[in-house]
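Trainee: Let me begin by handing over the structure; questions about it come next.
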Amino acid sequence: MEIAIPKPVERENYLNKEYGVWSWLLTTDHKRIALLYLISITFFFFIGGFFALLIRLELLTPAGDLVQADTYNKLFTQHGMVMIFFFLIPSIPAVLGNFLVPMMIGAKDLAFPRINLLSWYLYIIGGVMMLHCMLIGGVDTGWTFYAPFSTNFTNSHFIEAGLAIFVAGFSSILTGLNFVVTIHRMRAPGLTWSRLPLFIWAHYATSIIQLLGTPVIAVTIVLVAAERGLHLGIFDPKLGGDPLLFQHLFWFYSHPAVYIMILPAMGVVTEIIACFSRKRIFGYSFVAFSSIAIAVFGFLVWAHHMFVAGMSVYAALVFSFLSYAVALPSAIKVFNWTATLYKGSIHYDAPMLYAFGFLGLFTIGGLTGLFLAALGIDVHVTDTYFVVAHFHYIMVGGAVMGYLGGMHFWWPKISGRLYPEGWARLAALIVFIGFNLTFFPQFLLGYLGMPRRYYDYSHMPEFQVLNVLSTAGATVLGVGYLLPMVYFLWSMRYGKPASDNPWNAAGLEWKTASPPPTFNFDEEPIVTWEAYNYEELDAPHEQEVPVAR
Amino acid sequence: MPDSTVVGLHHEEQDHPELLHHFADPQQQRDASSLGMWVFLATEIMFFGGLFCAYLIYRRWYFGDFAAASKSIDMALGATNTAVLICSSLTVVLAVWAAQTARRTLLLASLAITMLLGLTFLGIKGVEYKQKFDEHHVPGASFSFDHEEIPGHPGQYANPAHAQIFFSLYFVMTGLHALHMIIGLGIFLWLFLAAWRGRFTPEYNTPIEIGGLYWHFVDIVWIYLFPLLYLIDRHA
Amino acid sequence: MSEHSSSSPLKMYFAVFFALLAGTGLTVFAATLDLGPFNAPVALTIATVKATLVALFFMHVWHASEKLTKLVVIGALFFLLLLLGLTMTDYATRPWS
């Protein structure tokens with residue numbers, strides 16, 4: 001008589017708890033919402049990347065021979081708007097933050113799960129509006145939509161684009177609100193502020209910026225839309241308005257916005273460096289407080305985007321000085337990461353490769369920011385490719401590397417599978433090489449005088465060589481980005497199942513199953529240990545590794 | 001909004017039917033809701049703040065023109081509206097107190113009167129807007145502000161373009177404020193209906209409290225709008 | 001929430017209510033006087049006193065058990081002042097350039 005051996009029942013987790021489209025579209029589980037965001041922002045990354053591809057193709061030759069001037073204006077505008085508002089700003093907070101913040105503090109969910117779902121729907125609505133706008137002809141004002149061009153002169157669909165950004169902005173505000181309340185009110189017993197993972201501190205600081213800055217650009221968009229639709233004259237010099245007022249209000253948000261993009265990546269890198277050096281983070285409080293300092297100082301420097309716009313030179317001096325000050329907390333972090341690596345037991349897994357990439361590229365990007373903060377240099381390199389290279393080093397070399405590193409680090413937790421390490425290391429290398437080949441030539445181009453937002457540089461044909469290098473690099477970079485998408489998807493079906501803690505990392509999220517159950521922990525954790533307790537984790541197992549009691 | 005979907009009710013949920021499953025206890029839920037509303041109000045401060053920034057800059061630049069424009073809006077209506085909102089803030093705190101002390105009639109009456117006062121505010125605003133429309137002070141194609149004297153400077157006339165900036169800001173700021181009032185009315189309608197159905201007890205009345213916070217904030221915005229827009233230079 | 005007896009918050013609420021109405025009357029009256037450059041500061045001061053009364057007593061910030069509430073309010077006001085103040089550094093000093 002044969003005995004049927006029952007198939008092992010897969011443990012219930014947040015992925016298999018319920019099936020069906022509505023169980024996803026109406027979910028309030030922060031982990032499912034994180035995945036909804038993951039799919040959406042990846043989609044917009046492709047769109048933004050597509051525009052980048054067209055830009056780089058146009059710039060292969062000095063003549064404007066691929067697209068017309070107006071079309072090129074739309075390309076760089078939409079590349080910027082999509083990448084900033086629909087990819088970078090949500091990326092780490094909405095995907096990794098949503099997934100991990102409750103888990104890292106031992107909570108069952110965020111404070112307001114339904115508002116979390118609303119955040120995603122607002123993002124989608126904004127995204128659909130943006131797509132529609134692009135399909136019916138797009139917008140050509142530059143992602144910075146300066147008045148009076150955006151209010152009076154452009155023939156493109158700015159109002160719809162502006163409203164799309166407005167709606168997506170509320171998604172960002174609500175995410176920030178959720179994180180702040182969650183981190184204040186829902187930490188597990190024993191989890192004091194000084195025991196929090198620095199990823200949490202980073203997201204807390206990011207949330208403060210999202211909450212205080214986004215409303216200002218929201219109201220600015222209202223003013224521009226009103227002026228455009230009703231011919232008001234608030235920013236119109238002919239009617240007594242001041243275009244610089246637009247720039248003040250715009251950059252009051254848009255400068256801190258860059259810290260929304262980089263702070264979460266810094267949080268990710270901190271977690272990765274600690275884990276793959278098997279060490280506590282050097283100078284925990286310095287790193288924690290520098291996150292808050294970046295959030296506060298970040299609001300003090302916005303007019304460094306306006307040095308040549310006609311503002312008062314005395315105010316420019318003040319903002320220049322403050323812009324130097326804002327570099328300090330970032331530098332403190334770089335020193336602390338380096339000190340953490342020192343005498344650490346370094347493991348070169350893919351997440352760590354991305355972290356190393358981040359360290360170098362963010363440092364270069366940050367230092368070139370200081371060049372730009374100096375009034376004398378800024379006069380020459382503003383609105384050139386120097387600026388373009390500077391911000392891509394931080395946003396792509398920094399934030400996107402941080403995002404990819406984080407996706408690799410937490411992939412086993414999110415999916416319950418291991419990604420193929422060999423391919424991942426290869427992809428990291430390709431990304432690093434492709435990135436530098438794309439953007440380093442742009443520093444040189446800018447310094448030599450090539451202006452940004454030009455589709456035709458035939459009066460400066462000597463720039464072609466560097467442009468060709470840049471485009472070649474962009475192709476390599478594109479391959480580097482495609483690889484993880486392929487092998488992550490592959491791993492969901494064919495990857496090795498992951499254990500609870502494949503990296504033997506510190507942090508509450510690693511003390512529950514991979515993938516986690518819907519309510520994260522079987523029992524509420526009680527924290528009695530400091531963050532990054534790698535000495536205990538790596539100690540030979542005569543003593544019990546601390547677990548939730 | 002009860003949402004106890006956890007299998008095997010914890011005793012907390014049996015004692016506290018309003019407790020949402022992801023919170024450890026009612027106190028945590030209350031504290032989270034309250035902090036959430038305060039943080040949201042902080043974002044609203046920045047939202048209106050951008051408009052106040054624009055307003056302050058242009059008022060400094062075009063003081064005389066702004067004074068002339070301000071004189072043409074009805075101060076009595078503005079002052080009345082201020083009083084209306086102050087009364088409504090009183091009825092809001094009375095509603096919160098009534099919920100805390102299980103006074104159902106007072107609770108329902110306070111919520112209803114708050115809504116009535118809110119509607120009164122909007123009605124008066126409508127009258128003001130109509131006045132501006134009739135006088136061609138609405139910015140846009142049919143705007144005109146000719147031959148209006150600058151207060152205190154007889155013979156000097158306001159620049160219509162600058163006056164239009166005043167009115168643009170006037171309509172955007174009071175319009176946004178009115179939109180927030182309308183949303184507030186919606187919130188209070190929901191609170192009224194929930195109170196009617198007996199939802200609120202001394203133990204659970206957080207929605208009224210945080211709805212109240214929102215209403216008071218809208219009142220505070222008006223407390224600043226009134227002198228800034230209506231009282232620039234009324235002594236000439 | 002509040003440990004006060006049931007009548008004392010009422011007294012406070014009505015006191016604040018009358019103060020707010022009085023403040024409104026005062027600000028209208030002050031606007032009709034010629035205070036030179038002080039008309040605006042006076043109006044804004046009265047408005048700030050009224051707003052503070054609403055925040056402290058109607059919004060219960062005065063009796064807030066959580067320091068965090070006060071921190072959120074002060075923090076938001078700080079950033080608002082940053083927006084206004086730093087922008088003014090440009091507008092106030094532009095004529096000097």
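Trainee: For region A:214-300, what relative contact order do you get, as a whole percent, if you take Cα pairs closer than 8 Å and at least 6 residues apart? Write down the numbers at each step before the final one.
Mentor: Values: 48 pairs, mean separation 22.1, N = 87.
Relative contact order here is 25 percent.
Trainee: Another question about this same structure. What does the charge count near B:Gly78 come to, summing +1 for each Lys or Arg and -1 for each Asp or Glu among other residues with Cβ under 10 Å from its Cβ?
Mentor: Numbers: positive: B:Lys125; negative: B:Asp74, B:Glu128.
Around B:Gly78, the charge tally is -1.
Trainee: Then there's this: Grab the beta carbon distance between A:Leu317 and A:Ile433, set R0 = 45 Å, and tell me the FRET efficiency rounded to 0.05.
Mentor: On the way: r = 40 Å, r/R0 = 0.90.
Efficiency at R0 = 45 Å is approximately 0.65.
Trainee: Then there's this: Is region C:18-73 rounded, prolate or oblate when judged by the Cα gyration tensor, a ≥ b ≥ c being the square roots of its eigenvalues, rounded requiring a/c under 1.5 and prolate requiring a/b larger than b/c? Present the calculation step by step, with values, prior to reporting the outcome.
Mentor: Values: a/c = 6.25, a/b = 2.27, b/c = 2.75.
Since a/c reaches 1.5 but b/c is at least a/b, the shape of region C:18-73 is classed as oblate.
Trainee: Could you please rank A:Ser277, B:Ser142, B:Ser168, placing first whichever residue has the fewest other Cβ atoms within 10 Å of its Cβ?
Mentor: Numbers: A:Ser277 23, B:Ser142 9, B:Ser168 26.
Ranking A:Ser277, B:Ser142, B:Ser168 by Cβ neighbours within 10 Å, fewest first, gives B:Ser142, A:Ser277, B:Ser168.
Trainee: Under a plain spin-label model, where a point goes 7 Å from the Cα along Cα-to-Cβ, how far apart in nm are A:Glu18 and A:Phe149?
Mentor: 4.8
Trainee: Whole Å is fine, so just give me how far the alpha carbon centre of region A:161-196 lies from that of region A:206-239.
Mentor: The two parts, judged by their Cα centres, are 24 Å apart.
Trainee: Still on this structure, please answer the following. Taking the alpha-carbon centroid of each part, what is the distance from region A:51-114 to region C:37-97 in angstrom?
Mentor: Between the Cα centres of region A:51-114 and region C:37-97 lies a distance of 35 Å.
Trainee: Take each uninterrupted DSSP H stretch in chain A, measure its Cα extent along the helix axis, and return the ones at 15 Å or beyond whose mean Kyte-Doolittle hydropathy is at least 0.0. If you can, show how the numbers build up before the last one.
Mentor: Numbers: long enough: A:30-58 (42 Å, 1.47); A:69-81 (18 Å, -0.80); A:113-135 (33 Å, 1.17); A:158-185 (40 Å, 1.42); A:198-230 (47 Å, 1.45); A:243-277 (50 Å, 1.27); A:284-297 (19 Å, 1.96); A:313-341 (43 Å, 1.36); A:350-373 (34 Å, 1.65); A:401-415 (20 Å, 0.07); A:421-448 (41 Å, 1.24); A:464-494 (45 Å, 1.03).
Result, helices passing both filters: A:30-58, A:113-135, A:158-185, A:198-230, A:243-277, A:284-297, A:313-341, A:350-373, A:401-415, A:421-448, A:464-494.
Trainee: Tell me which of B:Ser72, B:Val84, B:Thr43 sits at the most positive position along the dipole axis of region B:24-93, charges placed on C-beta atoms (Lys, Arg +1; Asp, Glu -1).
Mentor: Checked the options; the winner is B:Ser72.
Trainee: Excluding A:Ala225 itself, calculate the net charge of residues whose Cβ lies under 15 Å from the Cβ of A:Ala225, where each Lys or Arg counts +1 and each Asp or Glu counts -1. Display every interim value, and only then the final one.
Mentor: Values: positive: A:Arg228; negative: A:Glu160, A:Glu227, A:Asp236.
Residues near A:Ala225 contribute -2 overall.
Trainee: When only C-alpha pairs under 8 Å and at least 6 residues apart count, what is the relative contact order of region B:37-230, in percent?
Mentor: Details: 192 pairs, mean separation 65.3, N = 194.
About 34 percent, as a whole number.
Trainee: Compute the separation of the alpha-carbon centres of region C:7-32 and region B:137-190 and state it in Å as a whole number.
Mentor: If you average the Cα positions of each part, the centres end up 27 Å apart.
Trainee: With the Cα gyration tensor of region A:78-225 giving a ≥ b ≥ c as the square roots of its eigenvalues, does the rule (a/c under 1.5 for rounded; else a/b larger than b/c for prolate; else oblate) give rounded, prolate or oblate? Mind dumping the intermediate values first?
Mentor: Working: a/c = 2.95, a/b = 2.47, b/c = 1.19.
Prolate.
Trainee: Okay, moving on. If you bin every alpha carbon distance in region A:30-533 into 10 Å steps from zero, what whole percent lands in each bin?
Mentor: Bins of 10 Å from zero give 4, 19, 31, 28, 13, 4, 0 percent of pairs.
Trainee: With a 10 Å Cβ neighbour count serving as the proxy for reagent exposure, in which order, fewest first, do C:Met12, A:Met266 appear? Show your work: numbers first, answer last.
Mentor: On the way: C:Met12 16, A:Met266 30.
Ordered from fewest to most neighbouring Cβ atoms within 10 Å, C:Met12, A:Met266 come out as C:Met12, A:Met266.
Trainee: Report, in listed order, any pair from A:Lys279/A:Lys333; A:Lys238/B:Lys71; A:Lys31/A:Lys108; A:Lys279/A:Lys343; A:Lys108/C:Lys70 with a Cα-Cα distance greater than 20 Å. The partial results should precede the final answer.
Mentor: Details: A:Lys279/A:Lys333 16 Å; A:Lys238/B:Lys71 24 Å; A:Lys31/A:Lys108 10 Å; A:Lys279/A:Lys343 9 Å; A:Lys108/C:Lys70 28 Å.
Exceeds cut-off: A:Lys238/B:Lys71; A:Lys108/C:Lys70.
Trainee: Order by neighbour count: A:His184, A:His30, B:His147, B:His136, fewest other Cβ atoms within 10 Å first, most last.
Mentor: Details: A:His184 19, A:His30 27, B:His147 8, B:His136 12.
By the 10 Å Cβ count, ascending: B:His147, B:His136, A:His184, A:His30.
Trainee: Report the full-extension gain for the segment A:Glu10 to A:Leu131: residue separation times 0.36 nm, less the Cα-Cα distance, to one decimal in nm. Walk me through the intermediate numbers first.
Mentor: Numbers: separation 121, 0.36 × 121 = 43.56 nm, distance 3.97 nm.
Between A:Glu10 and A:Leu131, full extension yields an extra 39.6 nm.
Trainee: Under a plain spin-label model, where a point goes 7 Å from the Cα along Cα-to-Cβ, how far apart in nm are C:Leu35 and A:Ser345?
Mentor: 7.1
Trainee: How many nm separate the modelled label positions at B:Thr201 and A:Trp529, each set 7 Å beyond the Cα in the direction of the Cβ?
Mentor: Modelled inter-label distance: 4.2 nm.
Trainee: Follow-up question, since we're still on this one. Indicate the gyration tensor shape class of the protein assembly as shown (rounded, prolate or oblate), computed on the Cα atoms with a ≥ b ≥ c the square roots of the eigenvalues: a/c under 1.5 is rounded; otherwise a/b larger than b/c is prolate and the rest oblate. Could you put the intermediate results ahead of the total?
Mentor: On the way: a/c = 2.00, a/b = 1.20, b/c = 1.66.
Because a/c hits 1.5 or more and a/b fails to exceed b/c, the protein assembly as shown counts as oblate.
Coordinate-derived values only; no laboratory data. Values in this document were obtained by computation on a predicted structure and should not be read as measured data. Reconstructed Cβ throughout: ideal geometry from the backbone, glycine too, with neighbour counts over all protein chains shown.
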